[in-house]
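Below is one structure, written out as structure tokens, with a few remarks after it.
Nothing in this text is a laboratory measurement; each read-out follows from the coordinates by a stated rule. Everything numeric in this text was worked out from a predicted model, so none of it was measured. FYI the Cβ positions are ideal-geometry reconstructions off the backbone, even for glycines, and counts take in every protein chain you see.
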Amino acid sequence: MTGRVEGKVAFITGAARGQGRSHAVRLAEEGADIIAVDLLEEIDTVPYPLAGKEDLEETVRLVEATGRRIVARRADVRVLSELQAAVDEGVAELGRLDIVLANAGILTMGLDTPKAFLDVVQVNLLGVINTVTAAEPHLQAGGSIVLTGSTAALLSGSVDMAGAGGLGYAHAKRHVGRFGHDMARVFAKQQITVNVIHPTNVHSGMMDNDFMYHAFRPDLSSPTGEDMMPALVDKSPMGVPWLEPHDVSEAILYFASDEAKWVTGQQLKLDGGQLGPVTNAGVPA
Ligand SMILES: NC(=O)c1ccc[n+]([C@@H]2O[C@H](COP(=O)([O-])OP(=O)(O)OC[C@H]3O[C@@H](n4cnc5c(N)ncnc54)[C@H](O)[C@@H]3O)[C@@H](O)[C@H]2O)c1
């Protein structure tokens with residue numbers, strides 16, 4: 001099946017690399033035009049590099065290679081006015097808005113300061129609320145919103161134990177789950193769906209970096225990505241160290257397509273079995 005989102009326009013935050021880029025390209029392959037935003041600078045409590053200008057340029061190149069159009073802008077999800085400007089310009093150029101992917105996120109794991117907690121909540125929770133707020137005036141019946149949570153939203157005793165930054169990550173993702181759950185009711189009368197995805201580890205810049213190698217292999221002085229693999233596999237009932245971004249994009253594509261036009265309020269776990277033994281809760285606590 002092709003053209004599953006033909007003629008639609010998708011607004012994607014954190015689109016310069018990783019999952020956001022993958023979603024942009026996958027939706028474009030299926031016929032969507034893209035409004036892409038990213039921060040394009042560092043945040044001082046994040047212990048790994050965020051995306052740069054050249055990353056967003058690569059997303060533009062990949063989307064255009066599919067034959068679709070893309071409007072790419074620098075915007076910080078913490079600043080509502082920046083998101084509004086980007087989405088307004090994107091809609092003016094591409095004509096409409098159908099799909100909203102609140103995907104941008106950071107991880108300040110390991111840092112045990114109030115600022116680390118507050119920074120991750122600002123990006124991962126306030127940023128999601130701002131994304132929906134900026135998009136809402138442009139959405140109409142048949143629209144779909146997908147929020148990116150994390151298994152961290154549904155799992156205690158994991159990242160929430162990794163300093164104030166890790167707790168902030170879990171806190172933000174739990175609230176993203178609740179926000180999505182309640183927004184599904186709020187948008188139902190408009191016939192706009194709202195769903196949340198909760199991936200386990202994903203192979204992106206957030207996981208594939210020196211900080212993470214050290215976090216998972218504190219026994220080694222210079223660990224590599226390869227060295228981290230056994231520790232990741234060990235935590236996965238299905239033995240999968242991490243998902244590839246395109247694994248997540250397939251779920252996004254489903255929620256964004258007309259196949260899911262009556263599917264709303266879901267909390268979809270893409271977890272390789274990680275949460276099964278822990279909880280079957282549909283709604284984060
Ligand atoms: N990688 C994982 O293991 C994993 C697991 C579960 C959930 N997630 C979530 O998936 C989403 C995508 O992350 P990813 O894995 O692609 O990681 P990533 O670090 O590769 O991508 C995140 C993107 O968000 C951008 N960003 C950060 N702060 C921003 C801001 N203030 N404004 C605009 N853009 C900003 C970054 O520059 C980057 O391009 C995040 O919400 C993350 O929390 C990731």
- Query: Of Thr264, Thr224, Thr59, which has the largest mean-square fluctuation in a 10 Å C-alpha GNM of the chain?
  - Reply: Thr224
- Task: Could you work out the local net charge near Thr200, counting Lys and Arg as +1, Asp and Glu as -1, over the other residues with Cβ closer than 11 Å to its Cβ?
- Result: 0
- Net charge near Gly163 (other residues with Cβ under 13 Å of its Cβ; Lys, Arg +1; Asp, Glu -1) is -2
- Can you list the lysines whose alpha carbon sits under 18 Å from that of Lys261, skipping same-chain ones fewer than 8 residues off? Lys8, Lys189
- Listed residues Gly166, Gly20, Gly157; largest mean-square fluctuation, Gaussian network over the chain with Cα springs below 10 Å, found at Gly157
- Query: What FRET efficiency do you get for Arg61 and Ser156 if R0 is 35 Å and r is their Cβ-Cβ distance, rounded to the nearest 0.05?
  - Reply: 0.25
- Using +1 on the beta carbon of Lys and Arg, -1 on that of Asp and Glu, and nothing else charged, what's the dipole of the chain about the Cα centre, debye to 20? 880
- Grab the Cα-Cα distance for Asp112 and Asp182, subtract it from 0.36 nm times how many residues apart they are, and report the gain in nm with one decimal. 22.1 nm
- Decide, for the chain, between rounded, prolate and oblate: order the square roots of the alpha carbon gyration tensor eigenvalues as a ≥ b ≥ c, take rounded if a/c falls under 1.5, and otherwise choose prolate if a/b is larger than b/c, else oblate. prolate
- Item | Computed [θ] at 222 nm, deg cm²/dmol, the chain (DSSP H ≥ 4; -39,500 (n - 2.57); rounded to nearest 500) | -12500 deg cm²/dmol
- Taking every pair of alpha-carbon atoms in the range 37-175, give the share separated by more than 19 Å as a whole percent. 55
- Mind checking which aspartates and glutamates have their Cα closer than 13 Å to the Cα of Lys235? Skip sequence neighbours fewer than 8 apart in that chain. Asp271
- Item | Cα gyration tensor shape of the range 194-233, rounded if a/c is under 1.5, else prolate or oblate by comparing a/b with b/c | prolate
- Item | Pairwise label distance in nanometres, Asp258 with Met229, each label 7 Å out on the Cα-Cβ vector | 4.4
- Alpha-carbon gyration tensor eigenvalues x 5, square-rooted, for the range 1-84, Å: 24, 13, 10
